[in-house]
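Engineer: Take this structure first; my questions come after.
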Amino acid sequence: MENKKQTVYGAVVLAGGSGSRMHTKTAKQYLLLNGKPLIYYALRQFQDSAVEKIVLVVTGGQEEYCKKEIVERYGFTKVCAVVAGGSERYLSVHEGLKALTDVDYVLIHDGARPCVDQEILKRTMDTVAREQACVVGMPVKDTIKIVDEQQMAKKTPDRRMLWQVQTPQAFSYALIREAYDAVVASGEQAVTDDAQVLELACGRTCRLIEGSYRNIKVTTPEDLDIAEIFLKNVK
C-alpha cells in the first residue's frame, strides 16, 4: 500500500517595525517581557507546535542580530530562514513566503502577538487543512461606530456580525503565494491583513475561527503591561 504523504505546516512570523507607539528607542519586538524579548514568546509557541518550518521576517539590517540573539540563543531550531521585510506589512509577508519552501500550509503570524498558544495553533492547523483558508479572531465586545471625516457618527453596524481579526491567519501555501504574487505585482497599497490579499486577488473569503481575547497585539505601553500578566507563567 502506498504511504500517504504527510502534511507539512510552515509559518511566517513577522518581527519588523519600529514600535513608535511604544515611545521607546528599542523596537518593540525586542522589548523585555518577564525577562525575555517579546518576539521570543510567539516563536516559542511555534517551536513547540506541529509546525515544521519557521521563517522569521525582520527589519532590514537586523538579520544577523536576530539569528544570534534570538534564534540561536533560545534554540529555535525550526527557524529555517531569517529574512529582511519590506516597507509595508504585506511586502514583508511576501518576502517570508518566498523564503518558505516545501510546505502544504502556512500560518502567518504577527510577532507582536506574544500570547498565542498551542490551542489556537492546533485549531488553526486543523481548520486550514479542511478549509484551505482561515483567520483567527474574536467577536467584538464594544459597540462600533462608523464615522465620517469630521468624526461624526454616521452608522452603527450590528455588533453580532463584527469580529476583531487576529493572527495567525492560515492558508494553503500555493493559494496564498499566488494571491500575494498577484497583489504585489499590482502595486496594491491598502492591504492590512492576509485575508484581504486573498479577497483582492481572487475574491475568495476565509473561515473565521475563535482565537482568544488574550491573544492581544502589543502596540502601546499599556499592552505590554497586560501581556506581562498573561505570560507570567510561560517559560
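Engineer: Count, please, the residues in the range 198-217 that happen to be in contact (Cβ under 8 Å) with a residue 40 or more places away in the chain and over 27 Å from residue 141 (Cβ atoms).
Structural biologist: Adding up the residues that qualify gives 1.
Engineer: Another question, if that's okay. Given the residues 142, 126, which is the only one that is outside any loop (DSSP other than H, G, I, E, B) and either acidic (Asp, Glu) or in contact with a Phe, Trp or Tyr (Cβ under 6 Å, 6 or more places away or on another chain) (or both)?
Structural biologist: From the options 142, 126, the qualifying one is 126.
Engineer: Looking only at the range 150-165, decide whether some residue is within 22 Å of residue 16 (Cα to Cα), without any contact (Cβ under 8 Å) to a residue 12 or more places away in the chain and open to solvent by 80 Å² or more (accessible area, probe 1.4 Å).
Structural biologist: no
Engineer: Further question: When residues of the range 79-123 are filtered for being assigned to a strand (DSSP E or B) and closer than 17 Å to residue 167 by Cβ, how many remain?
Structural biologist: Final tally of qualifying residues: 6.
Engineer: I would also like to ask the following. Counting only residues that are in a helix (DSSP H, G or I) and not basic (Lys, Arg), how many does the range 167-194 have?
Structural biologist: 14
Engineer: Hey, any hits in the range 55-78 for a residue that's in a loop (DSSP other than H, G, I, E, B), among the acidic types (Asp, Glu) and either at pLDDT 95 or above or farther than 24 Å from residue 235 by Cβ (or both)?
Structural biologist: The answer is no, given that none of the residues of the range 55-78 is in a loop (DSSP other than H, G, I, E, B), among the acidic types (Asp, Glu) and either at pLDDT 95 or above or farther than 24 Å from residue 235 by Cβ (or both).
Engineer: Something else about it: Taking residue 50 as meeting all but one of (1) touching a residue at least 40 places away in the same chain (Cβ under 8 Å); (2) within 15 Å of the chain's Cα centre (by Cα); (3) open to solvent by 30 Å² or more (accessible area, probe 1.4 Å), write down the number of the exception.
Structural biologist: It fails just one condition, (2).
Engineer: For the range 168-210, which residues satisfy the criterion of being under 12 Å from residue 106 (Cβ atoms) and not hydrophobic (A, V, I, L, M, F, W, C)? Step through it out loud before you land on a result.
Structural biologist: Of all residues in the range 168-210, those under 12 Å from residue 106 (Cβ atoms) come to 168-177, 179-180, 194.
Answer for the range 168-210, where residues must be under 12 Å from residue 106 (Cβ atoms) and not hydrophobic (A, V, I, L, M, F, W, C): 168, 169, 172, 173, 177, 180, 194.
Engineer: From the list 218, 197, which one is within 24 Å of residue 90 (Cα to Cα), open to solvent by less than 70 Å² (accessible area, probe 1.4 Å) and part of a helix (DSSP H, G or I)?
Structural biologist: Going through 218, 197 in turn, the sole match is 197.
Engineer: Working only within the range 201-211, note down all residues that are surrounded by 17 or more Cβ atoms within 10 Å (Cβ to Cβ) and within 18 Å of residue 167 (Cβ to Cβ). Walk me through it before giving the result.
Structural biologist: Taking the range 201-211 and keeping what is surrounded by 17 or more Cβ atoms within 10 Å (Cβ to Cβ), we get 201, 206, 208-209, 211.
Listed by number, the residues that qualify are 206, 208, 209, 211.
Engineer: I would also like to ask the following. Checking the structure you have, find out if any residue of the range 62-85 is open to solvent by 20 Å² or more (accessible area, probe 1.4 Å), of a type in the set (Gly, Ala, Ser) and within 15 Å of the chain's Cα centre (by Cα).
Structural biologist: Checked against the condition, which is being open to solvent by 20 Å² or more (accessible area, probe 1.4 Å), of a type in the set (Gly, Ala, Ser) and within 15 Å of the chain's Cα centre (by Cα), the range 62-85 yields at least one hit.
Engineer: How many residues are touching a helix residue (DSSP H, G or I) at 6+ places or on another chain (Cβ under 9 Å), more than 22 Å from residue 220 (Cβ to Cβ) and open to solvent by less than 20 Å² (accessible area, probe 1.4 Å) when one looks only at the range 110-128?
Structural biologist: The number of residues fulfilling the criteria is 2.
Engineer: Quick test for you: out of 33, 38, pick the one residue that is at pLDDT below 95 and farther than 23 Å from residue 188 by Cα.
Structural biologist: 33
Engineer: Can you tell me which condition residue 182 does not meet? The list is (1) open to solvent by 40 Å² or more (accessible area, probe 1.4 Å); (2) within 18 Å of residue 118 (Cα to Cα), and all the others hold.
Structural biologist: (2)
The values are calculated or read from the model by the stated rules, or taken from the named source; none is laboratory data. Only a predicted model underlies this, so the values are computations on that prediction, with no experimental measurement involved. Positions of Cβ are generated from backbone atoms using ideal geometry, with glycine treated the same way; all protein chains shown enter the neighbour counts. Just the protein is used for accessible areas: all its heavy atoms, side chains included, with ligands, DNA and RNA removed. Shrake-Rupley method; radii C 1.70, N 1.55, O 1.52, S 1.80 Å.
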